[in-house]
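This report concerns only the one structure given below.
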């Protein structure tokens, strides 16, 4: 890999892991297995058929879980503890056998991109779940999957294009995350008020005191 492709992969695997870790691992593994990508020895493990099979299996599970309202948010909550460290580990593996300082720096950057992508996805899904219809979830999930597959392809074969698109994504996240956070806070306040009103309501058949 040349320098540009290494940079694109280091940043890209973190970003892709934050959205759909299993799709990213399966795609990288398949590209490496078919000789389309020369992975460094520290990342060659993803080419193992067992790893590819496990990633494809978990991708299939996520494919359906990610399209069910509320279930997708629960899935995202659990994967907060999976996607971010996995993105950091993959990014550290991309730089290969270099100094520990470089690997640590790559892991920190990759983990940060994974955290940003994951937070954006999870926050957007939480707000989308306020819609009573499921179509929006399906569209969002399918778009995310397509973005990961296209992103992995671009970071391997068109790294300059990918880096440009990733820069736009970062700018979008900077603009979007504060708005998502405000929306989630408003949603949380409404839910708290709803449960507070229900708990304050008199039980059926009771005689409230004047």
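Throughout, read-outs are computed from the coordinates displayed, never taken from laboratory work. In this text the structure is predicted, and so the values were computed from the model without any measurement. With ideal geometry, Cβ positions are generated from the backbone for all residues, glycine too; neighbour counts draw on all protein chains shown.
Tabulated data
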quantity: Kirkwood Rh in Å, taken over the chain so that all alpha-carbon pairs contribute; calculated: 18.5 Å
quantity: With 5 Å bins from 0: P(r) over the stretch 125-169, alpha-carbon pairs, percent; calculated: 5, 21, 21, 16, 14, 12, 9, 3, 0
quantity: Gaussian network model of the chain, springs between alpha carbon atoms under 10 Å - residue of 141, 42, 99 with greatest fluctuation; calculated: 99
quantity: Taking 6, 142 and counting other C-beta atoms within 10 Å, the order from fewest to most; calculated: 142, 6
quantity: Inter-label distance, nm, simple model (7 Å from Cα along the C-beta direction), residue 105/residue 185; calculated: 3.6 nm
quantity: Relative contact order [Cα under 8 Å, 6+ residues apart], the stretch 3-197, whole percent; calculated: 32 percent
quantity: Degrees between helix 3-33 axis and first principal axis of the chain (Cα, 0 to 90, nearest 10); calculated: 60 degrees
